[in-house]
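A.B. asks: Below is a structure I'd like to ask you about.
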Amino acid sequence: MLQKGREIRVLLLRRPKFLKMFDRNFADLFDACTVSANKKGLVLGAYGDCGESSLKLSITGQKFDNIVGGRISQILKMAGLKPGTAKTLTNLGNDYYAVAVAHAGAEAAAYNENECLEECKENVRVAAGAGARALQEQGIEEIEVEGFNLSEAAAEGSALAVWRYQELKNKLNRKTQSTVELYDDDDKESWSRGLVKAEAQNLARLLEECPANIMTPEQFVKTAVEVLCPCGVQVEGRNSEWLHQKGLCAFLSMARGSFESPLLLELNYCGGSEDDRPVVLVGKGVTFDSGGLCLKSCDEMAEFRADMAGGAVIVGVMKALATLGIPLNVTGMIPLCENMPGGMALKPGDIVYSLNGSSIKVENTDKEGQVIMADVLCFTKNFKPCLVSSLATISRASRIGLGSSASGVFCTSDVVWHEINRAGAATGDRVWRLPLWRHFTQRITSYGDVDISNVGSGRGGDPCSAAAFLQEFAPDCDFMHIDMTGSGMCQCEDGVPYLRQGLMTGRPCRTVVEFLYQMACPLDRQTECG
C-alpha cells in the first residue's frame, strides 16, 4: 500500500460545489425516494447449453430453490429464458421482495480465441447485470447477487448495470439508485476487487457525463482533488504561468480560443519502490470540443463534452490502483482545456512550436488532441518512464471502423500488446491492434515548410496518422496509444448489455487497471476460464 505521511501538493484546495463524490459506496450520494429501503432483491444464476430444456439453476440457485419449495425451477420450465436475460419472480417468501433469475449461458464457456474473450467471465457480467437491472426497475434499492463462481465478474456486471447519471435531477424526480452486495459466497475478496474496478469505471462515466459548463478544466482538477487525495494519490494542478515557464506552447496555443484557462493535471501513485521506473499515462482532457474554427456539426457536438474521456479514465484508474494497492509506480498527465472558436483561436494553417522544438502545422483545428498531447508527451521524459501510454478520443474514423466493439491500440512492443490484449479478454472490454508503421509517419512529416502536420497527406487512415503523430513526441521507451473514440464515449448500441444505452461508457478503464495489475504481478493470477 501507499507510504504514510507523504506530502500531497495541491493547486486548488477549495472543495467542489458540484458534488461530494465517490466513497466506495455510490448509494451514499442518494436519498431513498421511490421505495422502502426494506425491499431487497436477489439475483440467482441459471445455465443452459442446448435450449430451454437444459436450463438448470446454479448451485446457489438450487439451494434457494429448495428453501422456497422448488417453485423457481417450476416457473423456469415455462419462462422462455434466453442467455443474457433475466426473469423476475415475486412472492417467494418474506426475505426478498423479488428474485431475478439470470441466464448465464453455457456452464462450460471458456476462452474464445476468435472472439479474444474469456466468455465465462463476460457471460457472468451480462447475466448479473441483467438480473440487477431487472430488480432496479422494480424499485429495489438493496440487491444481493450470487457470485456465479466468478464473483469479480458478477460484481463488475451488476455494479455497472445499475449505474445512472441523475445528479442534476431534482431529488424528488430521481429514479431508484441501487446498491449491490454478494450473496452466499465466501469469495469476498474477488467481489470487492470487482466492485473497485466497476466503481472506477463509473467514476469515469460521471466525469464524462457532466455538462461542460460545470466540468470545466478547473472543476476537473477540483474533482480529482476530492476523489484521489483521500486515497493517498498526489494531485497537482499546473496553471498557465507554469505552462509558459516550461515551454508547453503548442498546448497553450490550442487553448487560446476559450475563456477557460488551460491546466495540466499531474497525478502520482507510488505503489512500488523509489527505484522503480514509472508507467506514465497521458490522457486527452478537452472538456468541450466544438472543433474550433473547423466547427463540428451541431447534431453531434453535445457528445463532445466527453472529449476528456482519456483523462477521466486515468482518474478512475488511479482511484482503483490506490484502493487495490497495486505495487507499481504510475504517473498520470492530463492536459485540460476547451477547444472553442474564440477571437484568439488558432486558424487552419497556423504554425505552433512544441516543447521539443518541432514546428507543427495545424491544418485542422478539430484535430486538437494530437497538438495538446504533443507537449505533454515530450515532458514525460523527465519521469524516466518504462512505458508511456496515451489515451484519447482522437479520431472518429476509429468509431467507423471498430464501432464500440473495441478500443484501437497502437504499440511499439509485442510484449506490451500481448498484455493489453490479455487484459481486454479478461475484462470483456476488448482492444484491437492497429498499425504503427513508418508509412503513416511519412504522411505527417513529409512537408517542405514544417516538421509535422496534425492531419497529414493522403486519404483515410486517420487513427493511424494520429498515433504516428503522438509517437513522434513520445520519449525513448515503450509506447502505446489507445484510441477510445468508439468505445469510450456514448453507448449507442447493444454490444455491452450491462452498460446503459444513451450514457457514457467509461471504457477502457477496467482494461487499463487489469493491464497494470498484470505488469505489477505477472504470475499472480492466471485465467479463470477453462
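A.B. asks: Peptides 177-187, 510-520: what's the order by average Cβ count within 10 Å, highest mean first? Spell out each step's value before the answer.
C.D. replies: Details: 177-187: 18.5, 510-520: 24.8.
Packing proxy ranking, top to bottom: 510-520, 177-187.
A.B. asks: Under a 5 Å amide H to amide H cut-off, with H placed in plane at 1.01 Å, what residues pair with R238 once short-range neighbours are removed?
C.D. replies: Those lying under 5 Å, H to H, from R238 are L264, L265, E266.
A.B. asks: Before rounding to the nearest 500, sum -39500 (n - 2.57) across all DSSP H runs of length at least 4 in the chain and divide by the residue total; then give [θ] at 222 nm in deg cm²/dmol.
C.D. replies: When only DSSP H runs of four or more count, the value is -10000 deg cm²/dmol.
A.B. asks: Based only on the alpha carbon positions, what is the Kirkwood hydrodynamic radius of the chain, in angstrom?
C.D. replies: After inverting the mean inverse Cα-Cα distance, the result is 23.8 Å.
A.B. asks: Under 5 Å between amide hydrogens, which residues at least 5 positions from T412 or on another chain qualify, with H placed 1.01 Å from N in the peptide plane?
C.D. replies: F479
A.B. asks: Among E141, E115, E209, E107, rank each residue by its count of other Cβ atoms within 10 Å, from fewest to most, as a rough exposure measure. Spell out each step's value before the answer.
C.D. replies: Numbers: E141 23, E115 11, E209 20, E107 16.
Final ranking by Cβ density, sparse to dense: E115, E107, E209, E141.
A.B. asks: Convex hull over the alpha-carbon atoms of the stretch 231-520: what's its volume per residue in Å³?
C.D. replies: Output value, Cα hull per residue: 123 Å³.
A.B. asks: Continuing with the same structure: Only bridges with both residues in the chain count here: give the DSSP antiparallel percent, nearest 5.
C.D. replies: Details: 31 of 70 bridges.
The answer is about 45 percent antiparallel.
A.B. asks: Averaging sequence separations of C-alpha pairs under 8 Å and six or more residues apart, then dividing by the length of the chain, give the relative contact order as a whole percent.
C.D. replies: Relative contact order here is 15 percent.
A.B. asks: Let me ask you something else. Would you work out the charge dipole size for the stretch 231-520 about its Cα centre, treating the Cβ of every Lys and Arg as +1 and the Cβ of every Asp and Glu as -1, and quote it to the nearest 20 debye?
C.D. replies: 280 debye
A.B. asks: Give me a comma-separated list of calculated 3J(HN,Hα) values for the stretch 215-226, in order, Karplus coefficients 6.51, -1.76, 1.60 applied at θ = phi - 60°, integers in Hz, x for any Gly or Pro.
C.D. replies: 8, 7, x, 5, 5, 4, 5, 4, 5, 4, 4, 4
A.B. asks: Could I ask something else about it? Once amide H atoms are built 1.01 Å from N in the peptide plane, which residues 5 or more positions from V145, or in another chain, come under 5 Å H to H?
C.D. replies: Sorted by chain and number, the residues that satisfy this are V43, E181, L182, Y183.
A.B. asks: Got a sec to turn the phi values of the stretch 70-84 into Karplus ³J(HN,Hα) couplings, 6.51 cos²θ - 1.76 cosθ + 1.60 with θ = phi - 60°, whole Hz, x for Gly and Pro?
C.D. replies: Rounded to whole hertz, the list is x, 5, 5, 5, 5, 5, 4, 4, 10, 7, x, 6, 10, x, x.
A.B. asks: For q = 0.21, 0.27, 0.28 Å⁻¹, what log10 I(q)/I(0) does the stretch 456-530 give under the Debye formula with an equal point scatterer on each alpha carbon and no solvent?
C.D. replies: Calculated log10 I(q)/I(0) at the listed q: -1.06, -1.15, -1.18.
A.B. asks: Let me know the volume per residue of the alpha-carbon convex hull for the stretch 441-491, in Å³.
C.D. replies: Each residue corresponds to 95 Å³ of Cα convex hull volume.
A.B. asks: Note the direction-averaged projected area, equal to a quarter of the hull surface, for the Cα convex hull of the stretch 26-186, in nm². Each step should come with its number before you reach the end.
C.D. replies: Values: hull surface 40.5 nm².
Projected over every direction and averaged, the Cα hull of the stretch 26-186 covers 10.1 nm².
A.B. asks: Next question. Please go through the stretch 328-388 and write out the trypsin sites (Lys or Arg not before Pro) that DSSP classes as loop and that have at most 12 other C-beta atoms within 10 Å.
C.D. replies: Taking the stretch 328-388 and a limit of 12 other Cβ atoms within 10 Å, no loop trypsin sites (Lys or Arg not before Pro) are found.
A.B. asks: Net charge around N356, counting only other residues with Cβ within less than 10 Å of its Cβ (Lys, Arg = +1; Asp, Glu = -1)?
C.D. replies: Working: positive: K381; negative: D375, D451, E472.
Once all neighbours under 10 Å are counted, the net charge is -2.
Bear in mind that the values in this text are calculations on the coordinates, not laboratory data. Just so it is clear, the structure is predicted and the values come from calculations on it, not from any experiment. Every residue, glycine among them, receives a Cβ derived from its backbone with ideal geometry; neighbour counts consider all protein chains shown.
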